[in-house]
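The values are calculated or read from the model by the stated rules, or taken from the named source; none is laboratory data. For clarity, every value in this text was computed on a predicted model and none was experimentally measured. Cβ coordinates were reconstructed from backbone atoms using ideal geometry, including for glycine residues, and neighbour counts include every protein chain displayed. Side chains included, ligands, DNA and RNA excluded: accessible areas come from the protein's heavy atoms. Shrake-Rupley method; radii C 1.70, N 1.55, O 1.52, S 1.80 Å.
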Amino acid sequence: MSIDMKSSDTIIRPITNSLTAGKLPKRSPLWILLGSWLITAAVFLVLQVTEVADGFNLVGTLVFGTVLYCVAIYALSHMVEGARQAKDRLMTALVTAAFIIALVPLVSIMITTAINGLPAFITPTFFSSSMRNVVGAGGGVLHAITGTLLVTGMATLISVPIGLLSAIYLTEYGRGRLAKAITFFVDVMTGVPSIVAGLFAFALFALLFNDPGIRFGFGGSIALAVLMIPVVVRSSEEMLKLVPNELREAAYALGVPKWLTIMKVVLPTSIAGIVTGVMLAIARVIGETAPLLIIAGFTASMNYDLFSERMMTLPVYVYNQYVSQGVDAQSYVDRAWAGALTLILIVMVLNGAARLIARIFSPKFGR
Amino acid sequence: MTTTVAATTIKARQRPGDRVFSTASVVSGSLILAVLAAVAVFLLVESLPAFVAPDEAFSGETRNFWEYVGPLVFGTVWAAVLALLMAVPIAIGIALFISHFAPRKLAQGLGYLIDLLAAVPSVVFGLWGITVLAPMVRPFYVTLVEWFGWIPLFEGPVSGTGRTILTVAVVLAVMILPIITAICREIFLQTPLLHEEAALALGATRWEMISMAVLPFGRPGIISASMLGLGRALGETMAVAMVLSPSAEVIFQLLTSENPTTIAANIALNFPEAHGVGVNILLATGLILFVVTLVVNMIARAIINSRKAFSGAN
Amino acid sequence: MNFKRFGRTAAIAFVAVIALSSCAANEGDTASTGDNAASGLTGTLNAGGASSQGAAQEAWVAGFQTANPDVTINYDPSGSGAGREAFIAGGSAFAGSDSYLDEDELAGVFAACAPDTKAVDLPVYISPIAVIFNVEGVDELNLDADTLAKIFAGTITQWDDAAIVALNPDATLPSALITAVHRSDDSGTTENFTDYLAKAAPEAWGEEASDTFPFGGEAAPQTSGVVSAVTNGVNTIGYADASAAGSLNTAALKVGDEFVAYTPEAAAEVVAGSPLVEGREADDLALDLNRLTTNPEEYPLVLVSYAIVCNEYADAEQGALVKAYVEYMASEAGQAVAAESAGIAPLSAELSENVASVLATVK
């Protein structure tokens, strides 16, 4: 590949040493940012005093202050350092702002969940009991945790091998129509609404077992696998594609069979990305409510058997606690938030474990 | 390509390992097609009665299936596109921040932080949308309508609860951020170091290096990440159902009480009480969503193919 | 192979979790006492239906399982329509439903029932529907059916509309837009609410009763969604099962010449005074609710939810379980338990007896 420089950059200019040319002092961005915030704060304060606005607007201050900063740093840098540096500074500001913006909902969700979830989360029964024979306050989430881990675990066991092998097929073997069809339809599959996946699994098993009221955990796993496979394929495929051909060719040149090349060279090189993809896929399905409501069902009791009877899962638990509240509504809402908190914590732990695994198995180089 | 290595003069020995492996990969690839075909057949069979359903099967003034599904298709695409418009630039920004701007030591932790967003189940997004986001943005909407009400998009009367399509789009954008970010980040990190260093050595600023080396390299990945995000936004059920104040009309206004609803949310909301042909009608809307996704993906494919991808593997 | 190792680790983790949590503290061998064993009931009962019954069913299931430790009952609050579909297909032992079986459904075959037998509707759940509102500075609100219909139909849009002021001369109503919140999902609550407006204010409402809300406006899913939209919004009004109203203010409805606030007693009273639907089997207790009552003891805006059971079950064991369980639901003890934890209005003694006598013939 070649880097096509923009024509404007190749225009011959009088030689100036850009290394010693005008440069803003090192800490200047920080001071400019603080300055812009102060200015906007002053403006909003004036607005408040003159009673145009009713109250000091902190969010407005931060937002408009940051906008002002972008303008200021661009203008200043343009004057001192030139157009190219100015653009660089502006983009740095924007990219950083994008990151901060994304943190706002994240922090907000985490805080909301933690605050609302803690009261029930720290009750002694929460992790040691199910909801069987519990009315009003008390009760726990053990049956739902078990169900979620079993159902999602089974879905992962089904979809990771299938998804990963398909991705390998697409990048390493696939040519022609089948490969094209798979890539295309995998994308289509991401658009299967989750509730349709549940209905499909339900119809499939109702037909297979001739039982119109069938509900069991494994059916939930199948429904989740339908949702999970495309995400696994899509992300693994992207990661496998990024493995440089030089690595493959070097392995072939040494006489390594293709399948060993894939196993020992291609997969380890991309394992970090693949694991991230699998984690995303798990996170995508572990919170699914609608399909599990239909095929895995709803129960207040423990069930360890994926293959018979209804199985409670955490999202269904959260949804149900939120939707059918009794007179003592607070304890239902508390349990809903605590269930949500548990779910998030489970995914966090899985995520951390996956990263650890990725780090252990991926080859050590560069970044 | 890689196969030509063996194909020239020396015939490569077909090892059993190779054969097993390639067969396994073909089988799982085909399995995906089979599953998808099964889902499609299931949907088709179940939706047939809906296409010929009589007037009485539909409530209100809707007379046939197409009148029923039209506004839903609009709402689905509208919400997803709004979400994508917000999410993609921010996701690319975050991915760049993590891969090229943040200090190396910080980057991993930051990536983990964003991945956490993916860990939040959609029910929680729904709860958060109702209890935190909607009340928070309402005053902002009021101001928006006051000042920019003359723009058709922001026309009033403003919603009394803040549970509008714009709020839903924000929730959806937050939901698809981690998917797009995670894939973009991995791709940006895979930019060949030589390209980056070459650009820097030519005197490019960091941004020039990114726009000349990193972004072109990652473009196909960005598009397919966005498509993955779009797929999720189109099919998202619970969060939309919980947050949106829906009605069955085509409405462009972003801030009123009446908003176009999405197919998936509509199924989730009305399935519990559906019976008889009502179930078929809802499943038929599911089929339409399927087709919408198909069309969207075809368009995306066309875009990718028109700017031929370049990546390590070809 | 790395992903296999990953799978193995995951499997080990799962096994570990399960081993650690071998049993829930509140389950297992709850050393059954003598009289429990006497009931002799064992097995699992799977049913589903109306989500309105969800909280009450939880209480009933807990009560019944405590008395019969060898029985497990699962009630899916999946919705009335889904519940009836599953019951007709034979996928659930009984159905909870906010509306009784219609003629088409009765004409069909019930897969769980013995050949050539039908199913009956038994009222087991009564809940007043409260009109909740959140308007700053207004704690009490009186409405009549006409005004209520106009508010929800969108013909009255301001809180200080003359019609509302006339009914509430003492209240300080703001000059603000009304945000009327209805259910966005199809629901029995909406059907009962629209049925009331269609009968009590036919001109102002102008629509028939239906489980889909016929007008536009603000909408939210489920009872809890409406409650939180009304709570978090400004100048809002909505309708919800009374047990979920919580600390929100509720409006009093004009019945006869008085304004009646909802109470469980007033709700039970209107149900007790309502006739059975005509033209059905004698043992079918579907009710034709008296929305036009002028008796100020009665609150006409109520929701009645049914348990739909077979006259005769194909599987006699299931029949015995359903019979025992539904008997418990309709019994005084069962109604009291649900009133306490789910805020239902207990069945009147007469209705309760009627249900019991129908159940006596179920096998």
Positive-end extreme of charge dipole, region A:21-121 - chosen from A:83, A:68, A:42 (charges on Cβ)
A:83
Simple label model, 7 Å out from Cα along Cβ direction - residue A:361 to residue C:349, nm:
7.2
Cα gyration tensor category, rounded, prolate or oblate, for region A:142-361 with a/c compared to 1.5
prolate
Modelled FRET efficiency - R0 51 Å, residue A:115 with residue C:207, Cβ distances, 0.05 increments:
0.75
Excluding ligands and nucleic acids, what accessible area in Å² is computed for residue C:100 using a 1.4 Å probe, to the nearest 10?
80
What does the C-alpha gyration tensor say about the overall shape of region B:24-311? Classify as rounded when a/c is under 1.5, otherwise prolate if a/b is larger than b/c, or oblate.
oblate
Interface buried area C-B, accessible surface with 1.4 Å probe, both sides summed, nearest 100 Å², comes to 2000
Hey, can you grab everything whose amide H is under 5 Å from the amide H of residue C:276? Only 5+ residues off in sequence or another chain; H modelled, so Pro and N-termini drop out.
C:288
For n ≥ 4 DSSP H runs only, could you compute -39500 (n - 2.57) per run for chain B, divide by its residues and tell me the 222 nm figure to the nearest 500?
-22500 deg cm²/dmol
Only Cα pairs under 8 Å and at least 6 apart count here; give the relative contact order of region C:253-294 as a rounded whole percent.
40
So for R0 = 51 Å, FRET eff. of residue B:193-residue B:31 from the Cβ-Cβ r, to 0.05, ends up at 0.85
Tell me the total accessible area that C and A bury against each other, 1.4 angstrom probe, in square angstrom rounded to 100.
3800
Mind counting lysine pairs for me in chain A? Cα separation below 18 Å, and the two need to be 8 or more apart along the chain or on different chains.
7
Equivalent ellipsoid semi-axes - Cα gyration tensor, region A:39-164, angstrom
49, 28, 8
Area hidden from solvent between A and B (accessible, protein heavy atoms only, 1.4 Å, total, Å²)
9300
Given H placed 1.01 Å from N in the peptide plane, which residues other than close sequence neighbours of residue C:45 have an amide H under 5 Å from its amide H?
C:72, C:73, C:74
Grab the other residues whose beta carbon is less than 9 angstrom from that of residue C:319, score K and R as +1, D and E as -1, and report the net.
-1
Peptide A:216-227: average number of partner chain Cβ atoms within 10 Å per residue?
1
Note the full-extension length gain between residue C:281 and residue C:297 as 0.36 nm times their separation in residues minus their Cα-Cα distance, in nm to one decimal.
2.7 nm
With the Cα gyration tensor of the protein assembly as shown giving a ≥ b ≥ c as the square roots of its eigenvalues, does the rule (a/c under 1.5 for rounded; else a/b larger than b/c for prolate; else oblate) give rounded, prolate or oblate?
oblate
Check every DSSP H run in chain A and write down those whose alpha carbon atoms cover 18 angstrom or more along the long axis and whose mean Kyte-Doolittle hydropathy is 0.5 or greater.
A:28-49, A:58-80, A:83-121, A:142-168, A:176-189, A:194-209, A:217-241, A:267-286, A:329-361
Where does helix B:277-306 land angle-wise versus the long Cα axis of chain B, in degrees 0 to 90, nearest 10?
40
So if I take the centroid of the Cα atoms in region A:131-159 and the same for region C:309-339, what is the distance between those two points in Å?
28
For the residue pair residue C:158 and residue A:210, what label-to-label distance in nm results when each label sits 7 Å from Cα along the Cα-to-beta-carbon direction?
6.9
Starting from the 7 Å offset along Cα-to-Cβ, what nm value, one decimal, do you get for the label separation of residue B:52 and residue A:31?
8.1
Rounded tilt (10° steps) of C:222-232 against the dominant C-alpha axis of chain C
50
When the accessible area of chain C is computed with all protein chains present and a 1.4 Å probe, what percentage of it is carbon and sulfur?
50
Between residue A:128 and residue B:252, what FRET efficiency follows from the Cβ-Cβ distance if R0 is 51 Å, with the result rounded to 0.05?
0.45
In terms of solvent-accessible area of protein heavy atoms at a 1.4 angstrom probe, what is the ranking of A:30, A:207, B:244, B:85, highest value first?
A:207, B:85, A:30, B:244
Folded to 0 to 90 degrees: helix C:2-20 orientation relative to chain C principal axis, Cα:
90
